[in-house]
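Okay, structure first, notes after.
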Amino acid sequence: MGAIINSIAFPKEVPKYDYRELLGTRLQTLDVMNGKKKAQIYISTYSPTFPTRGTVIYSHANAETLQNTHYLLEFMSESLNLRFVAYDWEGYGLSEGNATEQSLKRGAECVYQYVKNQYPNDLLISWGRSIGTVAACHLAALFPSFSALILQSPMASAFNIVFEKACCGCADALENQVMITNVKCEIYLIHGTSDRIVPIKNAQLIFDNFKNQQLKQELFEVIEKTDKNVYKLLDVKQFGKMHYYIIQKGGHNDLDTVYKKQIKYIAEEMKAKLKL
């Protein structure tokens with residue numbers, strides 16, 4: 001079953017752009033180990049003009065590489081005054097190896113270790129989009145040193161994408177809805193109501209799983225709050241450290257462009273919460 005899910009989530013024809021000239025000195029390589037096997041992956045760093053205490057590990061979507069995200073991250077780094085470190089996991093762009101859920105998570109862990117060594121005093125933020133949310137959530141669940149997690153257009157699990165209704169949880173994968181219950185930092189969940197690729201029900205499942213797990217652990221009941229129109233076309237639900245932003249009419253691939261003001265608003269709210 002894992003092979004079937006990998007073939008759907010990580011198709012063989014993944015992007016293979018040569019972006020070395022475009023990205024220049026931003027590019028570096030890291031060695032990812034899998035037992036005795038080694039794969040070289042590429043990372044790209046975007047540092048703002050002014051000093052910052054915040055570094056974002058950015059995990060991109062399925063059909064993207066460091067080339068596709070270059071101008072977006074360049075803009076976001078400056079406008080938010082945050083450092084962004086993005087990467088192509090195995091099999092993507094110029095990175096060696098094969099793309100699977102396991103190699104995605106291995107690559108993310110390798111980037112995390114690099115960032116911790118390079119910027120030991122920074123507050124760390126894990127930000128993922130689409131399938132990149134699996135890596136982002138994995139990092140935040142595994143390493144308690146993260147201050148915030150941003151899940152943009154996330155899937156609850158593989159079966160919630162492939163099937164209208166999950167028919168067998170025993171062989172599921174890409175399980176954000178499970179990993180989220182182990183995340184201790186601030187969580188910013190973002191989804192568009194018109195997403196046809198990863199329907200918004202996925203975000204609601206993640207929210208509900210987090211909420212239910214917290215209710216089991218809390219000695220007192222945390223109240224869920226809903227605020228309409230906190231910003232143009234933007235509603236928010238909050239439960240404990242979970243902030244669930246619903247972008248009205250937003251799709252899967254247009255949140256960073258058509259709704260970039262809403263994304264910036266959410267990121268600024270996060271920065272204020274973290275005192276960045």
Checked region 40-125 against the a/c 1.5 cut and the a/b vs b/c comparison, axes a ≥ b ≥ c from its Cα gyration tensor; verdict oblate
Please list, by residue number, everything in region 177-198 whose backbone N is under 18 Å from a paramagnetic label point 7 Å out along Cα→Cβ of Gln213. 177-190
Which chymotrypsin sites (Phe, Trp or Tyr not before Pro) from region 223-276 combine a DSSP loop assignment with at most 15 other Cβ atoms within 10 Å? none
Which residues make up the longest stretch of the chain that has no GluC sites (Glu not before Pro) in a DSSP loop with at most 11 other Cβ atoms within 10 Å? 14-163
With loop defined by DSSP as not H, G, I, E or B, and exposure as at most 13 other Cβ atoms within 10 Å, which is the longest segment of the chain clear of exposed trypsin sites (Lys or Arg not before Pro)? 37-164
Non-local residues with an amide H under 5 Å from the amide H of Gly250, with H modelled 1.01 Å from N and Pro and chain starts lacking one, are Thr193, Ser194
If only Cα atoms are counted, what is the Rg of the chain, and what is its Dmax, in Å? 17.7, 56
Taking the Cα centre of the chain as origin and charging only Cβ (+1 Lys, Arg; -1 Asp, Glu), how large is the dipole, in debye to the nearest 20? 360 debye
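Computed from the coordinates by the stated procedures, all read-outs in this text should not be read as laboratory data. Only a predicted model underlies this, so the values are computations on that prediction, with no experimental measurement involved. Virtual Cβ from ideal backbone geometry, glycine too; neighbours counted across all protein chains shown.
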